[in-house]
Amino acid sequence: MKLKKALLAVRDPRLFLAKLYDVIKKRLYVNEVLILFEHKVKTKQKAPGEIRYASMETLPDILNFQPERYVEIFEKFLSLGDRGYFVYLNGKCVHRSWVKHTPQIVYLHPLLPMDLNENAAFIHYCETAPDARGKNIYPYVLTKIVDDFKNKEKILICVNQKNAPSIKGVKRAGFIEQKRVQLLVILGIKVKPRRKFSCIF
């Protein structure tokens, strides 16, 4: 699939330029503020839909609202032992969230790694289908995750400062802001921060 897209880009100059611009935009200059939240307050949330754990058999269900490339990404997550949460509404998958819960490197941003230890869980890759937003599904899933990983000392999630709806949902689920990190990349060189983060803070 990746090879087909690459060949298509070469044949179509406009597509090639669009992809090149996207790479430059994302890698050569980045100036973002990321907010790291930790779960602190237990809350009860309700929402329509059924939460199911992701499996190799159910991964194609995300094609209801996600591009095909995510199937391959989530296959890798499962192979690493990560846990996925899908929400089904009217028989269709409308939400996905993933949790890393073993010692490994996680990413607050593709250019900002963090060491995750055995006492912490990190929630990421959360998205709700456009037609299912505004139904409290996101906080509902977060509280389910919190309950599943209540044995962990820390349950973390990172949100871009610009993403107001996600910040609202995270706070509703009982997460409290712990740290703000400015990510500044100029000409592909990371200026801020200079060191890798640890989940101990």
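The values are calculated or read from the model by the stated rules, or taken from the named source; none is laboratory data. Source: prediction; values computed, not measured. So basically every Cβ, Gly included, is an ideal-geometry build from the backbone, and we count neighbours across all protein chains shown.
For this structure, a couple of remarks:
- Applying the criterion of being among the hydrophobic types (A, V, I, L, M, F, W, C) and over 26 Å from Val33 (Cα atoms) to the residues of segment 78-118, the residue that is surrounded by the fewest Cβ atoms within 10 Å (Cβ to Cβ) is Leu80.
- Within segment 61-77, considering residues that are in contact with a Lys or Arg (Cβ under 9 Å, 6 or more places away or on another chain) and more than 24 Å from Thr102 (Cα to Cα), the one surrounded by the fewest Cβ atoms within 10 Å (Cβ to Cβ): Arg69
- The single residue among Glu57, Glu38, Glu75 that is assigned to a loop (DSSP other than H, G, I, E, B), among the charged types (D, E, K, R) and modelled with pLDDT of 95 or more turns out to be Glu57.
- Lone unmet requirement of (1) without any contact (Cβ under 8 Å) to a residue 60 or more places away in the chain; (2) touching a strand residue (DSSP E or B) at 6+ places or on another chain (Cβ under 7 Å) for Ile137: (1)
- Any chance Tyr107 is over 20 Å from Gly49 (Cα atoms) and aromatic (Phe, Trp, Tyr): yes
- Evaluation of Arg194 against (1) modelled with pLDDT under 95; (2) over 15 Å from Pro110 (Cβ atoms); (3) not in a loop (DSSP other than H, G, I, E, B) (one fails), failing number: (3)
- Qualifying positions in segment 117-154 - out of contact with any Ser or Thr (no Cβ under 7 Å at 6 or more places or on another chain) and of a type in the set (A, V, I, L, M): Ala120, Ala121, Ala129, Ala132, Leu142, Val146
- Positions within segment 95-113 being more than 15 Å from the chain's Cα centre (by Cα) and in a strand (DSSP E or B), in sequence order: Gln104
- Residues located in segment 157-170, provided they are touching a residue at least 60 places away in the same chain (Cβ under 8 Å) and either in a helix (DSSP H, G or I) or not basic (Lys, Arg) (or both): Ile157, Cys158, Val159, Asn160, Gln161, Ile167, Val170
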